[in-house]
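Nothing in this text is a laboratory measurement; each read-out follows from the coordinates by a stated rule. This one's a predicted model, so the numbers in the text were calculated from it and none came from an experiment. Quick reminder, even Gly has a Cβ in these numbers, built from the backbone with ideal geometry, and neighbours come from all protein chains shown.
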Amino acid sequence: MKFTETFKYILTSRFFYISLLFLTLFPPVYKNLPIRIDYTLDSCLPQSVWITYKDFNPSVHKYVLFVPKKDSYTQKAKYLLKYVGCKSGQYLETRGLNYYCDGSYISTAKKLDMAGKPLSQFIFSGVVPNDKFFAIATHPYAYDSKYFGFVDKSQIERGASPVF
C-alpha cells in the first residue's frame, strides 16, 4: 500500500477519530505518553511533524522539545523545538556573530530580527556548564540560544525525531 493510500485510510478510519477525540478530551494523558506525534508551525526547522519521546538523553545534533524562558519573543510559546548545537563539557565560543562548538562552526547570529528590531546576542566563550545546552535551529532568523542563552536540562520535556 502506498503512503498516500495508507494516509487516506487512516484519515477515514473510526479508530483515528475516536483516538483524536480521546486525546482532545484528555490532554494530560497525551502529554505524558512515552512516545507521541507532535507538530510545529514554526519555520525555524524544515520539518513540521515529529515523533517525540520522554526517555531522552540530550546530545549534540539531537532535537529537543523544551519549555522556553519567557521573554518578548517566547511569551506565547508553550514549547520550542531546536537541536543541540553544543552540550555540557564542550567548548562554546562566540567570535563576532559566529558560534563555534569545540572549534567547529555551528551558527551565526543576526543583529536585527525579521521586523528590523535589534536583538541582544548571547556572548559566551568557555566550557558549557553542567546540565546546560546551546539549542539552535537551521533558519537564519530562528530565535534560539544565540539570543536567549543556554537551555537548562530541567527545561527539556522530550527528545524529538523528524518525520517530515
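Data for the structure
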{"quantity": "Of PRO28, SER104, VAL67, farthest towards positive along the dipole that unit charges on Lys, Arg, Asp, Glu beta carbons give the chain", "calculated": "PRO28"}
{"quantity": "For the chain, size of Cβ-based charge dipole, Lys and Arg +1, Asp and Glu -1, in debye", "calculated": "280 debye"}
{"quantity": "Selected from LEU119, ILE18, PRO58, residue furthest toward positive end of dipole (the chain; charges at beta carbon)", "calculated": "ILE18"}
{"quantity": "Per-peptide average of other Cβ atoms within 10 Å, ordering 151-164, 77-90 highest first", "calculated": "77-90, 151-164"}
{"quantity": "Length-normalised contact order of region 48-95 in % [C-alpha pairs under 8 Å, at least 6 apart]", "calculated": "36 percent"}
{"quantity": "Length-normalised contact order of region 83-132 in % [C-alpha pairs under 8 Å, at least 6 apart]", "calculated": "42 percent"}
{"quantity": "Formal net charge of residues neighbouring PRO34 (Cβ-Cβ distance under 9 Å; K, R +1; D, E -1)", "calculated": "+1"}
{"quantity": "Relative contact order computed over the chain (Cα-Cα under 8 Å; 6+ residues apart), in percent", "calculated": "25 percent"}
{"quantity": "Dipole magnitude (debye, nearest 20) for region 56-131, charges at Cβ of Lys, Arg, Asp, Glu", "calculated": "340 debye"}
{"quantity": "Peptides 91-101, 34-44, 130-140 ordered by average Cβ neighbours within 10 Å, highest first", "calculated": "130-140, 91-101, 34-44"}
{"quantity": "Gap separating the Cα centres of region 132-164 and region 28-49, nearest whole Å", "calculated": "14 Å"}
{"quantity": "Amide hydrogen neighbours beyond the local backbone of ILE106, cut-off 5 Å, H modeled", "calculated": "TYR99, TYR100, CYS101"}
{"quantity": "Using alpha-carbon coordinates, inclination of helix 14-25 to the longest axis of the chain, degrees", "calculated": "50 degrees"}
